[in-house]
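Below is one structure, written out as structure tokens; comments come after it.
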Amino acid sequence: KNYIKTSKYTFLNFVPYNLFEQFQRLANFYFLCLLVLQLIPVISSLTPVTTAVPLIGVLMVTGIKDAYDDYQRHRSDNQVNKRKSIVLRNGQLKEEIWSKVEVGDVIRMENNQFVAADVLLLSTSEPNGLCYIETSELDGETNLKCKQCLPETENLGQDEAIIGAFRGEIRCEPPNNQLNKFEGLLNYNGKSHPLDNDKILLRGCILRNTDWCYGVVIFAGKDTKLMMNSGKTKFKRTSIDRLLNFIILGIVFFLLSMCLFCTVACGIWESLTGQYFRVYLPWDTLIPPDPTGGPAVIALLVFFSYAIVLNTVVPISLYVSVEVIRLCQSFLINWDETMYHMPTGTHAKARTTTLNEELGQIEYVFSDKTGTLTQNIMAFNKCSIAGRSYGDIIDPRTGEFLEITEYSRPVDLSKNPYYESSFKFYDNALVDALEGGDKDCEGFFRLLALCHTVMPEERNGKIEYQAQSPDEGALVSAARNFGFVFKARTPNSITISAKGVQETYELLCILDFNNVRKRMSVILKKDGKIRLYCKGADSIIYERLKDGQDSIKYHTQEHLNRFAGDGLRTLCLAYKDLDEDYFLDWKGRHHEAAISLDRRDEKLDEIYEEIEKNLSLLGATAIEDKLQDGVPQTIANLAIAGIKIWVLTGDKQETAINIGYSCQLLTDDMVDILIIDAQNAADVEDQLQKYREQIRNVSATTHPQTNLSVVTF
């Protein structure tokens with residue numbers, strides 16, 4: 001079933017479950033024990049009402065707050081479970097609510113609709129079986145991602161009879177929480193077809209720029225990747241709660257020590273003096289005929305009596321005060337006008353009333369860089385081609401680099417009918433080289449136009465690109481503006497316009513990018529020649545270059561270091577010509593690895609590694625990703641508040657340091673930047689020890705409040 005549940009309580013289990021959670025607080029448990037003691041007449045001189053009323057009051061206030069929080073979760077669950085979905089049942093489309101969708105159902109999804117479950121894409125309204133989705137509900141990314149169905153199921157179209165007659169067997173991995181990975185196999189018409197993440201639409205995605213698509217449900221309800229990542233709703237205990245428990249525990253021990261002292265004192269007094277007053281105050285005994293245990297029994301009963309009399313030492317009202325404050329704070333957060341985001345009309349929302357005070361106790365902030373500190377809007381800024389750098393403005397008199405400002409004049413690219421007015425480049429030398437027929441420059445931009453996974457769309461007579469990564473979009477856009485226009489893609493071909501001449505390449509294979517490989521490649525065929533184009537991180541590409549390129553490698557590395565020092569994101573470009581017989585043999589082994597359900601990723605990586613060797617270096621690109629507005633001021637304020645900030649980035653070290661200064665993570669007040677670049681624990685410890693000695697030496701001659709260093713890994 002596709003029914004989901006994120007709430008904790010039901011009408012039947014709310015009272016026992018909530019009471020169990022509340023009695024984990026020591027004060028509540030203490031007063032429960034006290035109430036039980038007050039029900040014993042021989043011990044208590046006070047009515048149980050004096051303890052029962054405040055205890056019930058505390059439990060009710062907290063219970064009402066927890067019930068309100070869970071009611072909000074129930075409302076959200078109910079809203080999601082009652083969303084409408086179109087399901088193919090008995091050869092006809094039928095509207096069903098999400099909770100009644102089952103594994104194996106074929107569902108129809110339309111533009112701007114949420115995907116109801118994890119589905120295998122069968123057919124779409126777009127050419128070549130493409131569709132576009134937004135995954136902001138899953139990973140926070142707003143840029144559209146492209147999915148493509150198998151060519152074998154693409155021709156199912158939207159004919160209900162044909163789709164209803166679709167018969168196949170899907171074998172895949174069990175449910176898991178890995179959003180970017182899927183391994184499966186479709187047995188259809190007697191053939192096996194590999195299934196990967198590019199053919200799967202996950203629950204929570206939104207269909208965009210696609211009129212309709214059909215898919216078969218693979219995982220539903222709690223088995224979907226979205227719900228597998230949600231986890232079980234837990235009883236959250238804040239640091240204040242833990243502190244209160246510790247304090248209450250100390251108070252209870254103090255109370256018990258007082259009761260113990262009074263017990264001992266009472267036993268001694270009864271033995272020495274109280275025995276003379278037995279006519280007026282007879283001793284209590286646990287066994288009426290036994291007159292010997294009088295003082296001990298009285299002392300024991302007095303212990304519990306004092307525990308009841310001194311119960312006000314334990315501040316039960318403190319919990320009530322904290323709960324009321326939390327509830328009021330959650331409303332204040334929701335109403336705070338200074339936390340209102342004007343562009344989207346969004347108010348701050350306290351989704352739970354339990355953790356409000358934790359906001360003021362944050363000590364560490366761990367942040368991604370791209371899209372969090374930066375705008376995630378990439379712009380092609382500079383490049384290096386065949387050992388020559390392009391993109392800088394050079395003073396003709398002094399030969400020095402000039403800073404690019406808003407008054408700098410960009411290159412005129414209006415001769416190109418496909419140019420974009422928003423694209424800016426300031427070095428005429430690159431345009432002159434292309435107009436002069438420079439083969440290296442043409443090969444550079446031809447690679448950018450061909451080696452990617454971008455999808456083109458024509459709107460109002462203009463080509464627009466849908467890129468899964470802003471970096472790819474920026475590089476394809478740059479190639480377009482310099483005359484190498486990516487125009488069309490099918491599952492088996494790529495078409496570009498190279499300086500006005502249309503070129504169509506047969507697409508033989510795509511070697512996907514991932515965070516381990518840090519590169520992607522395409523293998524293309526044109527005029528009987530097979531060529532592999534590759535782009536990736538400089539450290540990865542340099543390891544795979546063939547010998548005899550010392551000059552271009554040296555100059556390109558110099559340019560890469562300078563680009564990184566300017567805070568730019570860099571990639572290296574390379575290519576390799578392939579022998580057809582070798583490629584056919586490699587392609588057969590590649591297909592075997594692709595349909596394997598055992599260690600598929602490892603097998604594919606080995607196959608990719610084999611062919612991505614002995615590359616010829618073309619050059620490097622440099623892309624700018626500007627900081628979001630207010631980032632430096634925000635980080636500076638957080639640092640003043642004593643919050644320690646960690647930023648995670650995959651950039652080169654020089655780029656990371658430059659960005660660190662730009663966003664005020666690193667400041668000029670810091671005496672030194674310590675770089676930890678060892679590859680094992682022992683070497684890291686040695687480096688840290690060396691830096692500690694340096695810091696001690698600096699501390700001896702520096703004001704003690706000076707920021708000494710920041711460690712960069």
**Request:** Tell me which residues, restricted to region 382-397, are modelled with pLDDT of 90 or more and either on the phi < 0 side of the Ramachandran plot or of a type in the set (D, E, K, R) (or both).
**Result:** LYS382, CYS383, SER384, ILE385, ARG388, SER389, TYR390
**Request:** Take the residues in region 76-96 that are of a type in the set (A, V, I, L, M) and not in a helix (DSSP H, G or I), then tell me which one is least open to solvent (accessible area, probe 1.4 Å).
**Result:** VAL87
**Message:** Among the listed residues LEU573, LEU560, LEU584, LEU568, identify the single one that is among the hydrophobic types (A, V, I, L, M, F, W, C) and open to solvent by 20 Å² or more (accessible area, probe 1.4 Å).
**Reply:** LEU584
**Asked** What is the residue count in region 34-55 for residues that are exposed (fewer than 13 other Cβ atoms within 10 Å of the Cβ) and assigned to a helix (DSSP H, G or I)?
**Response** 3
**Prompt:** Considering only residues of region 107-152 that are in a loop (DSSP other than H, G, I, E, B), at pLDDT 80 or above and not hydrophobic (A, V, I, L, M, F, W, C), which is least open to solvent (accessible area, probe 1.4 Å)?
**Reply:** THR135
**Prompt:** Which one of the conditions (1) at pLDDT 90 or above; (2) in a helix (DSSP H, G or I) does ARG73 fail to meet, given that it meets all the rest?
**Reply:** (1)
**Asked** SER99: modelled with pLDDT of 90 or more, of a type in the set (S, T, N, Q) and assigned to a helix (DSSP H, G or I), yes or no?
**Response** yes
**All positions within region 1-51 that are modelled with pLDDT of 85 or more and of a type in the set (Gly, Ala, Ser)** = SER7
**Complete:** Looking across region 366-409 at residues that are among the β-branched types (Val, Ile, Thr), part of a strand (DSSP E or B) and under 11 Å from TYR426 (Cβ atoms), the single one that is nearest to the chain's Cα centre (by Cα) is ILE393
**Request:** Consider CYS213 carefully, then state whether it is closer than 15 Å to LYS145 by Cβ, open to solvent by less than 40 Å² (accessible area, probe 1.4 Å), of a type outside the set (Asp, Glu) and in contact with a Cys (Cβ under 7 Å, 6 or more places away or on another chain).
**Result:** yes
**Prompt:** If LEU578 satisfies every condition in (1) out of contact with any helix residue (DSSP H, G or I) (no Cβ under 8 Å at 6 or more places or on another chain); (2) in contact (Cβ under 8 Å) with a residue 12 or more places away in the chain but one, which is the exception?
**Reply:** (1)
**Asked** Looking at this structure, is GLU363 open to solvent by 50 Å² or more (accessible area, probe 1.4 Å), under 30 Å from ARG237 (Cβ atoms), modelled with pLDDT under 80 and within 26 Å of the chain's Cα centre (by Cα)?
**Response** no
**Asked** In region 334-360, how many are more than 22 Å from the chain's Cα centre (by Cα) and of a type in the set (Ser, Thr, Tyr)?
**Response** 4
**Unmet requirement for GLY204, which otherwise passes all of (1) open to solvent by 40 Å² or more (accessible area, probe 1.4 Å); (2) touching a residue at least 40 places away in the same chain (Cβ under 8 Å); (3) part of a loop (DSSP other than H, G, I, E, B)** = (1)
**Prompt:** How many residues does region 613-639 hold that are within 28 Å of GLY473 (Cα to Cα) and out of contact with any strand residue (DSSP E or B) (no Cβ under 7 Å at 6 or more places or on another chain)?
**Reply:** 5
**Fill in**
Turns out the strands (runs of 3 or more DSSP E) fully within region 153-196 with at least 3 residues that are in contact (Cβ under 8 Å) with a residue 60 or more places away in the chain and open to solvent by less than 70 Å² (accessible area, probe 1.4 Å) are 184-188, 191-195
**Fill in**
The condition of being within 34 Å of the chain's Cα centre (by Cα) and on the phi > 0 side of the Ramachandran plot holds, among LYS535, LYS518, only for LYS518
**So VAL485, is it part of a strand (DSSP E or B) and either among the β-branched types (Val, Ile, Thr) or free of Cβ contacts under 8 Å to residues at least 40 places away in the same chain (or both)** = yes
**Fill in**
In region 326-366, residues that are hydroxyl-bearing (Ser, Thr, Tyr) and in contact with a helix residue (DSSP H, G or I) (Cβ under 9 Å, 6 or more places away or on another chain) total 4
**Asked** Only one residue in ASP440, ASP427 is in contact (Cβ under 8 Å) with a residue 12 or more places away in the chain, out of contact with any Ser or Thr (no Cβ under 6 Å at 6 or more places or on another chain) and either surrounded by 16 or more Cβ atoms within 10 Å (Cβ to Cβ) or at positive phi (or both), so which one is that?
**Response** ASP427
**Request:** Within region 540-553, track down each residue that is under 22 Å from ASP651 (Cβ atoms), in contact (Cβ under 8 Å) with a residue 12 or more places away in the chain and either open to solvent by 80 Å² or more (accessible area, probe 1.4 Å) or not aliphatic (A, V, I, L, M) (or both).
**Result:** TYR542, ARG544, LYS553
**Request:** Go through region 640-664 and count every residue that is part of a loop (DSSP other than H, G, I, E, B), over 13 Å from THR374 (Cβ atoms) and in contact with a strand residue (DSSP E or B) (Cβ under 9 Å, 6 or more places away or on another chain).
**Result:** 2
**Message:** Suppose we filter region 234-288 for residues that are open to solvent by 100 Å² or more (accessible area, probe 1.4 Å), within 22 Å of PHE23 (Cβ to Cβ) and either aliphatic (A, V, I, L, M) or at pLDDT below 75 (or both); how many remain?
**Reply:** 2
**Message:** Six or more apart or on different chains, Cβ atoms under 9 Å: show the pairs whose first residue is in region 646-672 and within 17 Å of ALA622 (Cα to Cα) and whose second is assigned to a helix (DSSP H, G or I) and among the basic types (Lys, Arg).
**Reply:** GLU654/ARG562
**Prompt:** Do you know which of the residues in region 293-320 that are of a type outside the set (Gly, Ala, Ser) and assigned to a loop (DSSP other than H, G, I, E, B) is least open to solvent (accessible area, probe 1.4 Å)?
**Reply:** VAL314
**Request:** Just name the residue that is surrounded by the most Cβ atoms within 10 Å (Cβ to Cβ) out of those in region 508-528 that are of a type in the set (S, T, N, Q) and in a loop (DSSP other than H, G, I, E, B).
**Result:** ASN514
**Message:** Against the condition surrounded by 16 or more Cβ atoms within 10 Å (Cβ to Cβ), of a type in the set (Ser, Thr, Tyr), under 30 Å from CYS663 (Cβ atoms) and touching a residue at least 12 places away in the same chain (Cβ under 8 Å), how does TYR505 come out, does it pass?
**Reply:** no
**Filtered residue count, region 321-360, keeping only those that are open to solvent by less than 90 Å² (accessible area, probe 1.4 Å), among the polar types (S, T, N, Q) and in a helix (DSSP H, G or I)** = 5
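The values are calculated or read from the model by the stated rules, or taken from the named source; none is laboratory data. From a predicted model like this one, the values you see are computed outputs, not experimental measurements. Quick reminder, even Gly has a Cβ in these numbers, built from the backbone with ideal geometry, and neighbours come from all protein chains shown. For the accessible areas, the whole protein counts, side chains as well, though only heavy atoms, and no ligand, DNA or RNA atoms are used. Shrake-Rupley method; radii C 1.70, N 1.55, O 1.52, S 1.80 Å.
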